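The values are calculated or read from the model by the stated rules, or taken from the named source; none is laboratory data. As the structure is a prediction and not an experimental result, all values here were calculated from the model. Cβ placement follows ideal geometry from the backbone for every residue including glycine, while neighbour counts extend to all protein chains displayed. Heads up: the accessible areas ignore ligands, DNA and RNA and are worked out on the full protein's heavy atoms, side chains in. Shrake-Rupley method; radii C 1.70, N 1.55, O 1.52, S 1.80 Å.
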Amino acid sequence: MNMRVNHLPSTIVYGEDSFKQLGAEAAKAGTHALIISDPIMEQLGNIEKAIQLLLEHGIHASVYTGVNAEPEDTYVYEALEQLFHHNCDHIIAIGGGSCIDTAKAVAVVSTNGGDISDYMNNQSIARKKALPLLVVPTTGGTGSEATDATVITNTTTAVKMMIKQEAFMPQVAIVDPVLTVSSPPNITAATGVDAFTHALEAYLSKKAHPFTDTLALSAIEKLYHHVLIAYKDGKNLQARHEMIYGSMLAGMAFSNSSVCLVHGMSRPIGALFHVPHGISNAMLLPVVLRYTQNHCTKRLAEIGRVLFPEEKTTQEEQLAEIVVERIVSLCQQLAIPTLSEWGVDQDAFHRVLDKMADDALMSGSPQNNPRVPSKEDIMTLYKELINRKSTVSH
């Protein structure tokens, strides 16, 4: 095979109560941290805990909790202003993917300059080291703690920018399943399917290779078998372990291969209709899987042998169909809503189909799909998505 270069965080601290290592790890990075988070983490007391852990190691902290739902460029600039005002020498992100993605952008722009939009499609390359970044994920979903990518909405153009460069990789990931217990069922479902989609697309991607295949298959198995358990019983710590671990493995996998059509189509929905990324991914997964299925039968069958060893069929087409059917069923059991149920107006959706299809293609992700779509294909899939009726299992 061709040579591959893989990027991972320098340090990964994993396991129950690993959050307690925050101060020790931050002490290696500097003496004044900017904590980037959101109001929910503040309400749960996680920010205060972080401040105390830092103080035990002589580290002062300033706090920015302006991240609200999907990350926007405005959050990046607000956090940058605070970072410079307080002369912070490292950054700590605590929260879901939105907090982590915002912090990644701040870490890079603070040392390399310019606007975050300059880095989209490698128009500008971050040649200077980013400010040291420590991340503490609190959902078992995005895997952003282990990726060199960030997704930020440009509020001027209404484009969700997918930016991927080595400089965006966190220096330290502290992955504590205890912090995910507070995630409510709907967030558990959305982030769980998001992580599963990361793993699935990493495995199906045209850029997949043996290193990422190993990570992706392990993540697929952990996430498929535990997301429903965690959804039904959020205090099941073993399920939370498997989910956040699977999410991290999935992040490593897609960061070193790629995501595909689901993600390409998901970002415009988030940018224009403010549907959270995990939910729009979960909405799209059954539609895109059906579209792609016949072009990745062998790979889907390989997944089937891992997930369902009890299935004795040797027919790849049959096993691939079982995989697709059971993934669709899983989304139904997790009560993933349709676009209409989310409140997206059909007429408004149809008016921006052309822009969404263009933006999806511009991201580059659809070109990695086993079945590469045309713009017309993407518009057809969007129409199918908005017309879907609820099939949720209650």
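Quick one: which helices (runs of 4 or more DSSP H) lie wholly within segment 205-278 and hold at least 3 residues that are in contact with a Pro (Cβ under 9 Å, 6 or more places away or on another chain) and of a type in the set (A, V, I, L, M)?
Per the criteria, 237-256.
With the structure loaded, tell me whether Asp89 is farther than 30 Å from Gly15 by Cβ, open to solvent by 10 Å² or more (accessible area, probe 1.4 Å) and of a type outside the set (S, T, N, Q) or whether it fails that test.
The answer is no for Asp89.
If we scan segment 272-287, do we find a residue that is farther than 30 Å from Phe168 by Cα and in contact (Cβ under 8 Å) with a residue 24 or more places away in the chain?
Checking segment 272-287: at least one residue is farther than 30 Å from Phe168 by Cα and in contact (Cβ under 8 Å) with a residue 24 or more places away in the chain.
Under the condition of being closer than 30 Å to Ser257 by Cβ and assigned to a strand (DSSP E or B), which residue from segment 8-38 is least open to solvent (accessible area, probe 1.4 Å)?
Looking at residues that are closer than 30 Å to Ser257 by Cβ and assigned to a strand (DSSP E or B), I get Ile36.
Pairs please, first residue from segment 301-322 and over 19 Å from His225 (Cα atoms), second anywhere and among the β-branched types (Val, Ile, Thr), Cβ atoms under 7 Å, 6+ apart in sequence or on different chains.
Short answer, once both residue conditions are applied: Glu316/Thr297; Glu317/Thr297.
Please find, within segment 73-86, the residue that is farthest from Gly270 (Cα to Cα) out of those that are under 23 Å from the mean Cα position of the chain (by Cα) and surrounded by fewer than 21 Cβ atoms within 10 Å (Cβ to Cβ).
Here the answer is Leu80.
Six or more apart or on different chains, Cβ atoms under 7 Å: show the pairs whose first residue is in segment 140-155 and within 20 Å of Pro268 (Cβ to Cβ) and whose second is surrounded by fewer than 23 Cβ atoms within 10 Å (Cβ to Cβ) and basic (Lys, Arg).
Ala149/Lys164
Which residue, of Leu307, Leu330, Leu284, Leu289, is out of contact with any Gly (no Cβ under 7 Å at 6 or more places or on another chain), aliphatic (A, V, I, L, M) and closer than 13 Å to Leu204 by Cα?
Of Leu307, Leu330, Leu284, Leu289, the one residue that is out of contact with any Gly (no Cβ under 7 Å at 6 or more places or on another chain), aliphatic (A, V, I, L, M) and closer than 13 Å to Leu204 by Cα is Leu289.
Would you call Val324 in contact with a Leu (Cβ under 8 Å, 6 or more places away or on another chain), modelled with pLDDT under 95 and assigned to a helix (DSSP H, G or I)?
no
Of all residues in segment 272-321, which are over 24 Å from Ser183 (Cβ atoms), among the aromatic types (Phe, Trp, Tyr) and out of contact with any Leu (no Cβ under 7 Å at 6 or more places or on another chain)?
Of everything in segment 272-321, just one residue is over 24 Å from Ser183 (Cβ atoms), among the aromatic types (Phe, Trp, Tyr) and out of contact with any Leu (no Cβ under 7 Å at 6 or more places or on another chain), namely Phe308.
Which condition breaks for Asn112 when tested against (1) open to solvent by 10 Å² or more (accessible area, probe 1.4 Å); (2) within 22 Å of Thr65 (Cβ to Cβ)?
Status for Asn112: all satisfied but (2).
Among the residues that make up segment 357-364, is at least one of them buried (at least 17 other Cβ atoms within 10 Å of the Cβ), among the acidic types (Asp, Glu), touching a strand residue (DSSP E or B) at 6+ places or on another chain (Cβ under 9 Å) and on the phi < 0 side of the Ramachandran plot?
Scanning segment 357-364, I find at least one residue that is buried (at least 17 other Cβ atoms within 10 Å of the Cβ), among the acidic types (Asp, Glu), touching a strand residue (DSSP E or B) at 6+ places or on another chain (Cβ under 9 Å) and on the phi < 0 side of the Ramachandran plot, so the answer is yes.
Is it the case, given these coordinates, that Ile303 is closer than 22 Å to Asp377 by Cβ, in a helix (DSSP H, G or I) and not basic (Lys, Arg)?
no
Just name the residue that is nearest to the chain's Cα centre (by Cα) out of those in segment 119-134 that are outside any loop (DSSP other than H, G, I, E, B) and loosely packed, with under 15 Cβ neighbours inside 10 Å.
Taking the candidates together, the pick is Asn121.
Quick one: how many residues across segment 52-72 are assigned to a helix (DSSP H, G or I) and crowded, with 20+ Cβ neighbours inside 10 Å?
Selection size over segment 52-72: 2.
Does segment 204-260 hold any residues that are of a type in the set (S, T, N, Q) and open to solvent by less than 30 Å² (accessible area, probe 1.4 Å), and which are they?
Those that are of a type in the set (S, T, N, Q) and open to solvent by less than 30 Å² (accessible area, probe 1.4 Å): Ser205, Thr212, Ser247, Ser255, Asn256, Ser257, Ser258.
For segment 143-165, name all the residues that are over 30 Å from Leu334 (Cα atoms), under 17 Å from the mean Cα position of the chain (by Cα) and not in a strand (DSSP E or B).
Matches in segment 143-165: Gln165 only.
Mind checking which pairs have a first residue in segment 228-249 that is within 21 Å of Asp213 (Cβ to Cβ) and a second that is part of a helix (DSSP H, G or I) and of a type in the set (D, E, K, R), Cβ under 7 Å, 6 or more apart or different chains?
Listed pairs, sorted by first residue: Glu242/Lys222; Tyr245/Lys222; Gly246/Lys222; Met248/Glu145.
Scan segment 292-323 residue by residue and report those that are out of contact with any Pro (no Cβ under 8 Å at 6 or more places or on another chain) and hydrophobic (A, V, I, L, M, F, W, C).
Leu300, Ala301, Ile303, Val306, Leu307, Phe308, Leu319, Ala320, Ile322, Val323, listed by residue number.
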